[in-house]
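J.: Right, I'll just put the structure down here and ask away after.
Every number in this text was worked out from the coordinates using simple rules, so none of it is lab data. Nothing here was measured: the structure is a model prediction, and the numbers come from that model. With ideal geometry, Cβ positions are generated from the backbone for all residues, glycine too; neighbour counts draw on all protein chains shown.
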Amino acid sequence: MSGPAGQTEPFTDILVVCDGDPDDAEGVRRAAEIAARHGARLTALTVADCAGDIDHLAGFAGRGRTEIEDGLRADMLERLRATVKTARPQVTPDLAVAIGRPFRAIIADVLANGRDLVVKMAEPFDARHRYLFTSTDQHLLRKCPCPVWLAMPQATQPPASILAAIDLGDGDAAGQDPLNRTILSTAMRAAAATGATIHVTHVWEAPAEDLVRRWTDDAEEARRYTAAIEDRRRQALGALIAAMTAEHPEMAGALRPHLARGRPREVIPAHIDAMGADLLVIGTLGRTGVPGLIIGNTAEDVLNAVDCSVLTVKPPGYVSPLADHSH
C-alpha cells in the first residue's frame, strides 16, 4: 500500500457497517472523519440477518417473497438515513442495504466494489462494557480481504498514538517481510495528516532457553543464547524501520521502535496501556496466508485483551475464501 517515496497512499473507498446498534451513529462519524482526512468515498451498509424468516413471513402474510424483501429494504434504508442524519458526518455517505448473513454481505460488498477499508464499531459481549471480537467481527478478521478497523467507543479518534505489532523472524534482517511491511504501511495510512506516533513493537521469546539450561554445563550458555536472539531481533527491527523510513522519510520522526521479551498476549496489552495507544495495528493471518486461520491463538488473545480500537490487515496476495462462491 505504499506510493512513491515520501508519500503515504490514502484510503480511497471506505465501507462503514451499521448493524442496528446505538453506536451506529458514532461509527458513521468515525468513518466519515477518516474519509474526510483521506479524501475517500464513503458508503454506509446495513444488513438484515433474516433471510431464513422471509418465506415464513410471506406465507403468514399472504404476500410474495419479493414484496416482503422490497418492504424490508425500504424500511432498512429509512432507518439508515435516520442514523446518518443523527451522525451529521463530515462526508455524506452513499447508502446500501442487504439481506443475509452480515459477514457474507459485508465481504461481498468489499469484493464487488473494491473497498480498501471497512470500519465497524466493536461488538459488546457483557454488561461490564468489555468488548470481544465475536460473530461478525471474527468472520471479518479472518476473511475480509481489506483492512478492518474495529472501533472501541472510548478510543480517541483520530488516534494520537498507534501501536503496530510486528512478528520478526531470524530471516528478516533485510526488513522485507511482506506482512510486517503491510502492517507498517497501514499504520502510516492511519496516522496520515494527524501527527500520530507509531510505536513499532516486536515481542520476542527464547523458546529453547530451558533446554539450553538443562543440557549444557556452561552457565553462560543460556545467557549467550538469549542475548543472540535479542540481538538478531534488534537488528531485524532496525532494518525494517530503516527500509520503511527510506520509502517514507516524512514518517521518520513518527516511528518509535520497541523490543520486548515475553508473551505477546501479555506484553502487547501492557504496552498499549503504558503508551496510551488509541489504535493497535496487527496482522490476523500468518505468513502462509491460509484462508480463515488467525495467527494461532495469540492474535485472538491479544485482540480480546485490549481496550483500544484495532486495525487488522492480511498479508499481500491474500484471497478471501468468500471470493470462491463454492465456500
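J.: Which length gain, in nm to one decimal place, applies between Ser135 and Thr194 when the Cα-Cα distance is subtracted from 0.36 nm times their residue separation?
T.: 18.0 nm
J.: Could you state the number of Å between the C-alpha centres of segment 20-39 and segment 232-259?
T.: Using only Cα atoms to place each centre, the spacing works out to 31 Å.
J.: Moving on. Run the simple label-point estimate for Gln176 and Arg88 please: 7 Å along Cα→C-beta, distance reported in nm.
T.: About 5.3 nm, to one decimal.
J.: So, by mean Cβ neighbours within 10 angstrom, what's the order for 190-202, 91-103 with the highest one leading?
T.: Highest to lowest by the protection proxy: 190-202, 91-103.
J.: If packing is taken as the average count of other Cβ atoms within 10 Å, what order do 112-119, 306-313 fall into, highest mean first?
T.: By packing density, highest mean first, the sequence is 306-313, 112-119.
J.: Full-extension gain between Thr66 and Glu250, please, as 0.36 nm times their residue separation minus the C-alpha to C-alpha distance.
T.: Between Thr66 and Glu250, full extension yields 60.8 nm more.
J.: When the label point is put 7 Å from the Cα of Ala36 along its Cα-to-beta-carbon vector, which residues of segment 143-162 have a backbone N closer than 12 Å?
T.: 158
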